[in-house]
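Below: one structure, written as structure tokens.
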Amino acid sequence: MLVYGFQSLLGWAQLALGIYAAVMLIDAAVRRDDAYRAADKQTKPMWLLFLALATLLLFVMPLMSFLPIIGVIAVIVYTVDVRPALRHATGGGGPRRGGSSSDGPYGPYNGGR
């Protein structure tokens with residue numbers, strides 16, 4: 001009984017990870033190609049290949065296999081490293097809070113006066 005519950009939980013987790021990998025694949029596909037070069041990351045086709053393979057592996061193979069775990073790692077790397085760098089490179093670094101472009105983290109820059 002406990003084993004079936006664990007397998008069911010793993011099945012739902014694998015489905016959620018597969019859907020998330022597909023969303024990150026779509027996100028990588030809609031980003032501009034030059035943003036990858038500006039962010040000094042791998043090329044867009046390389047990340048599309050990584051994320052497509054990760055998505056495929058998560059939907060085809062069992063989660064506790066070796067290859068889907070590598071796919072999950074690739075999706076995590078894209079999420080926490082590449083995606084924020086791409087957003088920063090394209091000027092979409094987050095919501096603006098007001099102020100000018102010369103504002104630093106502690107307030108406006110006044111030229112050393």
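The values are calculated or read from the model by the stated rules, or taken from the named source; none is laboratory data. Model, not experiment: these values are computed from the prediction. For the accessible areas, the whole protein counts, side chains as well, though only heavy atoms, and no ligand, DNA or RNA atoms are used. Shrake-Rupley method; radii C 1.70, N 1.55, O 1.52, S 1.80 Å.
Quick notes on this structure:
- Taking θ as phi - 60° and the Karplus parameters 6.51, -1.76 and 1.60, the scalar couplings of segment 21-33 work out to 5, 5, 5, 5, 5, 5, 4, 5, 6, 8, 6, 5, 5 Hz in sequence order, x denoting glycine and proline.
- Rolling a 1.4 Å probe across all protein chains gives Arg31 an accessible area of roughly 40 Å².
- Accessible-area value, Val30, 1.4 Å probe, nucleic acids and ligands omitted, Å²: 110
- 3J(HN,Hα) along segment 39-51, derived from phi through the Karplus expression 6.51 cos²θ - 1.76 cosθ + 1.60 where θ = phi - 60°, amounts to 7, 6, 10, 4, 6, 4, x, 5, 5, 5, 5, 4, 6 Hz, with x in place of Gly and Pro.
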